[in-house]
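Enquirer: My structure is below; once you've seen it, I'll send some questions.
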Amino acid sequence: MAVYVSEKDVSTAWVTALGVLVQRGGDAVNLIVAIADPTAEQEGVRQVLDRFVDERRRATRNSVERVSTVANTLFPSAWYVPERLGPAAAEHLYDLERNTRPVTRRRNQRGTYFERMVAWPGPGKQEFNQLAQVIDRVRLARERGHERGHEYEVGLTTPADEIAAPVLVPGKDRYTMGFPCLSHLSFSLLDGVVHLLAVYRSHDFISRAYGNYLGLGRVLHFVAQESGAPAGELTCVSASATAEITRGGGFGQQRVHALLEECRTALAATP
């Protein structure tokens, strides 16, 4: 039942996985996508997908978002500028998230994935920065000469202990659909390289997956940059994935097939 895809970049992985979903009738369980460089893209594929999204928004006023908007819910890359701020870049990123949170909450009362990562609501309204803890642990492991480790987790569900990093908030996230579909992030150190495993309980592949992969790749790059370790592979497990032929955005078989072929053409045209 499980499906495994392994590709070099976000665009190639997304197109390959979408093709597998379409071939299987549009849906799959336990879709595993591994991306060697999750910050690399083929620009033509993203342009095709964004154009499809724009057309659907105009035609139906659907809530589907462009790739950049989806990616920014996981990591607002414009706020992280290490080349300009150096060691102060991470704190600048956290400050901007904190200061813009009231505006974000007006659009989404349950917040964003990035907020859950850096401002998990602990006891007594205290905030817990899960990413900062992961970075500290990876940096400490490297300083001690450790080449391997796995105790670096970010959860979006309730943490089992101090090394888990959750997204779901007990008593608040009672929805069976919609945010948050991302359940857990697990960082691993192997041969001195940081890798990331992400688990989704459900995944709308056209509306969300491309932006999710890109955003997760940026999270991995951030942890690597701040800890001083090289960034490795992103692996994303979707317990349930849909090509949104009838489910999710319900785009219809003809539109989804046409989108897939156009993306394949854009991929083949890449030098």
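Just so you know, all these numbers are worked out from the coordinates, no wet-lab data involved. Keep in mind that this is a model prediction, so the values were computed, not measured. Cβ sites come from the backbone with ideal geometry, for glycine too, and all protein chains shown count toward neighbours.
Enquirer: Any idea how far the Cα center of the stretch 60-103 sits from the one of the stretch 187-242, in Å?
Expert: 16 Å
Enquirer: Quick one: putting +1 on the C-beta of Lys and Arg, -1 on the C-beta of Asp and Glu, what dipole do you get for the chain around its Cα centre, in Debye to the nearest 20? Before the final figure, lay out the partial values.
Expert: Values: 31 positive and 31 negative charges, 219 e Å.
Taking the Cα centre of the chain as origin, the dipole is about 1060 debye.
Enquirer: In addition: Which residue fluctuates the most in the chain, going by a Gaussian network model with Cα springs under 10 Å, if the choices are Arg144, Arg46, Arg24?
Expert: Ranking Arg144, Arg46, Arg24 by mean-square fluctuation puts Arg144 first.
Enquirer: Of Gln130, Gln42, Gln254, which has the largest mean-square fluctuation in a 10 Å C-alpha GNM of the chain?
Expert: Among Gln130, Gln42, Gln254, the largest GNM mean-square fluctuation belongs to Gln254.
Enquirer: In terms of modelled amide H atoms, which long-range or inter-chain residues lie less than 5 Å from the amide H of Asp37?
Expert: Asp9
Enquirer: Scale the Cα Rg of the stretch 1-59 by the rule-of-thumb value 2.2 N^0.38 Å and send over the ratio, two decimals.
Expert: Ratio of Rg to 2.2 N^0.38 Å for the stretch 1-59: 1.24.
Enquirer: What does the charge count around Ala40 come to, taking other residues whose C-beta lies under 11 Å from its C-beta (Lys +1, Arg +1, Asp -1, Glu -1)?
Expert: With Lys, Arg at +1 and Asp, Glu at -1, the net is -4.
Enquirer: How large is the helix-only mean residue ellipticity at 222 nm for the chain, computed as the sum of -39500 (n - 2.57) over DSSP H runs with n ≥ 4, divided by its residue count, in deg cm²/dmol to the nearest 500?
Expert: The helix-only estimate for the chain comes to -13500 deg cm²/dmol at 222 nm.
Enquirer: Another question about this same structure. Ratio of the chain's C-alpha Rg to 2.2 N^0.38 Å, to two decimals?
Expert: The value comes to 0.99.
Enquirer: Calculate how many DSSP beta bridges within the chain are antiparallel, expressed in % of all such bridges and rounded to the nearest 5.
Expert: Of all bridge pairs located within the chain, approximately 60 percent are antiparallel.
Enquirer: Just to verify a number: FRET efficiency for Thr16 and Arg101, C-beta to C-beta distance, R0 = 35 Å, to 0.05?
Expert: The calculated FRET efficiency here is 0.45.
Enquirer: Helix 10-23 sits at what angle to the longest principal axis of the chain, using alpha carbons and giving 0 to 90 degrees rounded to 10?
Expert: With both axes taken from Cα atoms, the answer is about 50 degrees.
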